[in-house]
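> One structure, pasted below without further comment.
FYI, it's all coordinate maths here, none of it is from the lab. Keep in mind that this is a model prediction, so the values were computed, not measured. Cβ placement follows ideal geometry from the backbone for every residue including glycine, while neighbour counts extend to all protein chains displayed.
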Amino acid sequence: MNRRERLMNRLAVTMLILAIAAPAAFAAAPLPSWHELAGRRVLLVTGSDASVPSDDALVRAYLEARGVRVATTTDAAIAATQALPSADLVVISSTADPARLGRRFAAAKVPVFTWNTMDYPHLGLTGPRLHHDYDVVEPTQHFAESFAVLYGYGANVTSSISRAAGLKPQLFGTLYLEPATVGWGRPGPGGRVLVDFNGTPDEAGVFTYERGATLADGRVAPARRVAFYLSDANFHLLTAVHGPAARDPNLRDWYRGLALFDASIRWALAPPPPRPIWDPRALRRRFAAAARGKKLLFVERIDAGEGREADRLIVAHLRAVGFDVVVADQMDPESRAKGMDLVMISSTCSKYKLANKYADVPVPVVSLEGLMADSLHLAGRDRYVDYGEHGEEKESGDPPTRYVDIVASWNEMAAGLPPGPVAFTVHPSVLKWARPLPDAVVIATLPGSPDERAIFGYPAGSTMADGFVAPARRVLLPLDNPSFEDMTPQGKALFDAATLWAISGTRR
Amino acid sequence: MKREHITLRRRIRVARRSPTAGRWRAILAIAIITAVPAIGPRARADGLPLRIERRLSIGVAGRPTALAIAADGGRAYLGVGDSLAAFSARDASPAGILALGAAVVDLQIAADGRHAYAALDAPARVLRIGLAPLRVLATWRLPAAASSLLLDPDEGLLFAASAAAPRIEALDAATGRLRASIRLQDPPGQMVANGYGSLFVAQAAQDRIDVIDTRRLRLAGTLPLAGCGRPDGLALDPVGRRLFVHCASGAVLVVDTDVGFTFERLPAAAGAAHGLFVHTPAPGWKGAALFVGPAGTLDAVRMLAFIRYVDGGRRELHVPVGAFAYDARRHRLWIAAPPQGAATTGHWLWVGAGPAADDPGETP
């Protein structure tokens, strides 16, 4: 075999590997087409007063034109009946009276798609406080603001909906250029914000909950939930572009309103991922299969005092799983990551000494140190606001804790653990947290602190803090210096599941 | 009246000087504030403020088929019978006639007011006509008989559409040379051009608008029209970049031409209609899209702002319509009605915001 043939063989093998790995590059499953959804039954819940101007009929016509069967009912009919009509998707218009609906759909085991903002708290999509947890902006009371909400921001670009709608991390036109009435909500940590207003995810225009995600009221979503910024009579103003302008990619990216609605409905109708099962052995097998032969750079403070034993145990665990582990000191150059499949940063590292290393390496990074959230672009730069810790003396007002609160039990990173508090360590310990951007999937928060997210991951291509685009997956798993040997089986499963998730994606 | 006015001014002056001036000013402010909303609803409640101001005999025998009014408001030109007749746009008095030998299907006047273009049905021709004096300057053949004609002065092009053929011919307006034959899926309806690169063509059979790139002379895209059946009439506001589409199914859509987006849907008379956009057709009206149906209906879309349009109302004209055009200088819609019964000449209807004609019959 001459040199040329060897090169060709290498190229062929590389192409084969890329072809196999490519589908895994997409963290989110593609959405079904309308053709695949034909015949699904949609229950459209509207108001009872037909004299109220609304676009409900247009919504119905839009859905029917795409092949789904739509039955319409009213809030009064819902209030008067015991059994809810069966459907594959419930769509709740803002024309329905939320007081009449009450909590009738809160436990619905079918997906719910709603633009009834005042009903968000009933569904558990947001907290109960008007103006704080949810609000309706409309021209009579908020004339100037009703123009501001014509501009939405693509807060999430990696979800199935975002990809299908072509959402980008930039402004876009939500509704056509008239003073608009829109609703926004502030979802709980189990929600995913896709579109926000006024530059803050706390004013989310579009947000979703996966089946099994923890809702804002602490309950668990029995099926998918979508909240959308529409109001009574502006479906027809959802932006779209036609004619010669549609050839301009910049204009196509701006007029995304209708595409976003379309993709959100299809996501709601699509089957959710299978529920992960708590099975540590099966997890270990999957982890071992994925880790076998992969190179892992473990970055630590070599001979660290307090965490030395913990680092040794972590490395031993990773080697036992099958990783080819290379240990680097915190002062080693970033070039040590070259040729690696994963970089794991130990919490023994000094943030000050590690500097900005490993932030932009094109391989997955797992950080066990939450205080590096800003230098790794996992969160903003305001210490103790964007990131912080529980339990560290003199640095935290919160006592040590041993629990994390699972909010995304549906995700494989949650290791099949049920929603709610899970013992992470045997003894109360220091636990770090950060507030990631909406592209991150939040797996667990600190107990009683839903805004302090302990475990989360960014898919490749995510928009991270400072406008940084994740070149590969990024994970925060707060494992303080001496904690590894103190982890519960659940904690170790979370460690394995998060690391497995990190290496399961490919580079961007 | 004058004394009352003086008295009121004096009262106000006194009020300004007096210790109760604040109270007077407050009363005045409240009166103004309450008066303003009162004007709005009343104006809307009145409906279309355009009414038939006058009815006049055309005075030239034959069926009117095409009408155009010079931009300077001096002359109106009417295709009537086999002739082109000129009239004073001030009082509709005859100002000349030119025999053409065939009926004029459509008529366009150049911006300079010196030339006109007339499409003849049989034979299929376009005539370039000098207007002072009236005479035919050139005769150009068309591959198919035109049903409508549109002059795009910015591009120096004349577009001829045929109701029988799925294409539009683009002619050089100076020489008559055929520049392009633009193929469409179906025969085109009304055309309007924005003067900066786009020609919009109603495609009634497809429920959409075709957009022609007038520089490259080819189809540049299509605009879907949700909820619009058989779009036929078009009106364009090139400043606001709004296209008003009359749907024979009984609606008018307002389309943002920049992005092809329909953002307003308003009621209109069902049936065919052709349209035009006019500025300030009536006091308090910024603009309107007017659609005139052959059976004698006038529908208006009122412009309140570039992003706000409302149903401007409807008026039954009670006569069939042969041709219509707008005199922007006098804010007057000219409607040429064909002869009725045994009559050999038709009528002018002048529609505007002035007082209605006392006599609903003829007032020559």
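> Please report A:Tyr151, A:Tyr134, A:Tyr384, B:Tyr77 as a ranked list, fewest other C-beta atoms within 10 angstrom at the top and most at the bottom.
Fewest-to-most ranking of A:Tyr151, A:Tyr134, A:Tyr384, B:Tyr77: A:Tyr384, A:Tyr151, A:Tyr134, B:Tyr77.
> Working from Cα positions, state the angle (0 to 90°, nearest 10) between the long axis of helix B:21-45 and the longest principal axis of chain B.
Helix B:21-45 and the main axis of chain B meet at about 30 degrees.
> Another question, if that's okay. For peptide B:258-269, what's the mean number of Cβ atoms from other chains within 10 Å of each residue's Cβ?
Counting Cβ atoms of other protein chains within 10 Å of each residue's Cβ and averaging gives 5.
> Please report the antiparallel percentage of DSSP beta bridges with both residues in the protein assembly as shown, rounded to the nearest 5.
80 percent
> Now for a different question. Just subtract the alpha-carbon distance of A:Thr488 and A:Ala99 from 0.36 nm times their residue separation and send over the number in nm, one decimal.
My answer for the length gained is 135.5 nm.
> Once you've got the GNM for chain B with C-alpha springs shorter than 10 Å, pick whichever of B:Ala146, B:Ala170, B:Ala99 has the biggest mean-square fluctuation.
Between B:Ala146, B:Ala170, B:Ala99, it is B:Ala99 that shows the largest mean-square fluctuation.
> Can you give the charge dipole size of the stretch A:310-371 about its Cα centre, rounded to the nearest 20 debye, using +1 on the beta carbon of Lys and Arg and -1 on the beta carbon of Asp and Glu?
Dipole of the stretch A:310-371, to the nearest 20 debye: 100 debye.
> For the stretch B:221-315, calculate the relative contact order in percent as a whole number, restricting contacts to Cα pairs under 8 Å that are 6 or more residues apart.
20 percent
> Compute the orientation-averaged projected area for the stretch A:242-323 from the convex hull of its Cα atoms and round it to one decimal in nm².
Mean projected area for the stretch A:242-323: 11.3 nm², to one decimal.
> Net charge near A:Pro421: determine it from the other residues with C-beta under 12 Å of the C-beta of A:Pro421, scoring Lys and Arg +1 and Asp and Glu -1.
Computed value for this residue: 0.
> What is the sum of charges, Lys and Arg at +1 and Asp and Glu at -1, for the other residues whose Cβ falls under 12 Å from the Cβ of B:Ala89?
+2
> 222 nm [θ] for chain A, helices only, -39500 (n - 2.57) per DSSP H run of 4+, per residue, to 500?
Value at 222 nm, helices only, nearest 500: -7000 deg cm²/dmol.
> Taking the Cβ of each residue in A:Ser264, A:Ser350, B:Ser93 as the centre, tally the other Cβ atoms inside 10 Å and list the residues starting with the fewest.
In order of increasing Cβ crowding within 10 Å: B:Ser93, A:Ser350, A:Ser264.
> With only alpha-carbon pairs counted, each pair once and no self-pairs, how large is the Kirkwood hydrodynamic radius of the stretch B:50-352 in angstroms?
Evaluated over the stretch B:50-352, this radius sits at 19.1 Å.
> Still on this model: Would you mind pulling out the separation of the Cα centroids of the stretch A:440-477 and the stretch A:88-143, in Å?
Result: 27 Å between the Cα centres.
> Another question about this same structure. Below 8 Å between Cα atoms, with a sequence gap of 6+, how large is the relative contact order for chain A in percent?
Once divided by the residue count of chain A, the mean separation gives 13 percent.
> For A:Ala77 and B:Ala163, FRET efficiency with R0 = 45 Å and r from the beta-carbon atoms, rounded to 0.05?
After rounding, the FRET efficiency stands at 0.35.
> Can I ask one more? Using θ = phi - 60° and the Karplus curve 6.51 cos²θ - 1.76 cosθ + 1.60, what whole-Hz ³J(HN,Hα) does each residue of the stretch A:418-427 get, with Gly and Pro shown as x?
Rounded to whole hertz, the list is x, x, x, x, 10, 6, 8, 10, 6, 10.
> Then there is this: Between B:Ser249 and B:Arg51, how high is the FRET efficiency from 1/(1 + (r/R0)^6) when r is the Cβ-Cβ distance and R₀ = 25 Å? Nearest 0.05.
0.35
> Is the protein assembly as shown rounded, prolate or oblate when judged by the Cα gyration tensor, a ≥ b ≥ c being the square roots of its eigenvalues, rounded requiring a/c under 1.5 and prolate requiring a/b larger than b/c?
Prolate is the answer for the protein assembly as shown, as a/c is 1.5 or above and a/b outweighs b/c.
> Put a dot 7 Å past each Cα toward the Cβ at A:Asp202 and B:Gln185; how far apart are the dots in nm?
So the label points at B:Gln185 and A:Asp202 sit 5.0 nm apart.
> A further question follows. With a point put 7 Å past each Cα toward its Cβ, work out how far A:Arg286 is from A:Ala233 in nm, to one decimal.
For A:Arg286 paired with A:Ala233, the spin-label model returns 5.0 nm.
> First measure r as the distance between the Cβ atoms of B:Gln206 and B:Asp172, then evaluate 1/(1 + (r/R0)^6) with R0 = 30 Å and state the FRET efficiency to the nearest 0.05.
After rounding, the FRET efficiency stands at 0.55.
> How many nm is it between the label spots at B:Tyr196 and B:Leu304, if each spot is 7 Å from the Cα in line with the beta carbon?
2.7 nm
> How far, in degrees from 0 to 90, does helix B:2-17 lean away from the longest principal axis of the Cα atoms of chain B, to the nearest 10?
60 degrees
> As a check on your grasp of the helix formula, calculate [θ] at 222 nm for chain B: sum -39500 (n - 2.57) over DSSP H runs of n ≥ 4, divide by the residue count, round to the nearest 500.
Helix-only estimate at 222 nm: -4000 deg cm²/dmol.
> Name the cysteines of the protein assembly as shown that stand alone by the Cβ rule: no other cysteine Cβ under 4.7 angstrom.
A:Cys349
> If you add up the charges near A:Ala79, with Lys and Arg at +1 and Asp and Glu at -1, over every other residue whose beta carbon is less than 12 angstrom from its beta carbon, what do you get?
Neighbourhood net charge equals +1.
> From the phi of every residue in the stretch A:343-358, what ³J(HN,Hα) in whole Hz does the Karplus formula 6.51 cos²θ - 1.76 cosθ + 1.60 yield, where θ is phi - 60° and glycine or proline is x?
10, 10, 9, 6, 6, 6, 5, 8, 4, 5, 7, 5, 6, 9, 5, 6
> Would you mind ranking A:Lys492, A:Lys109 by Cβ crowding within 10 Å, fewest neighbours first?
The fewest-first ordering by Cβ neighbours comes to A:Lys109, A:Lys492.
> Also, I was wondering about something else. Taking the Cα atoms of the stretch A:280-504, report the difference between the largest and smallest coordinate on each principal axis, in whole Å and largest first.
Principal extents (Cα only, largest first): 41, 38, 37 Å.
> Please average, across the residues of B:214-223, the number of beta carbons from any other chain that are within 10 Å of each residue's own beta carbon, and give a whole number.
Across B:214-223, the average partner-chain Cβ count within 10 Å equals 2.
> Magnitude of the Cβ-charge dipole of chain A, K/R +1 and D/E -1, about the Cα centre, nearest 20 debye?
Roughly 2280 debye, rounded to the nearest 20.
> Further question on the same structure: Which length gain, in nm to one decimal place, applies between A:Glu392 and A:Glu309 when the Cα-Cα distance is subtracted from 0.36 nm times their residue separation?
Difference between extended and current length: 27.9 nm.
> Expressed as an acute angle from 0 to 90° and rounded to the nearest 10, what is the orientation of the C-alpha long axis of helix A:257-269 relative to the principal long axis of chain A?
Rounded to the nearest ten degrees, it is 70.
> To check my understanding: the extent here is largest minus smallest coordinate of the Cα atoms along each principal axis. What are those three numbers for chain A, in Å, largest first?
Per principal axis, max minus min of the Cα coordinates gives 75, 64, 43 Å.
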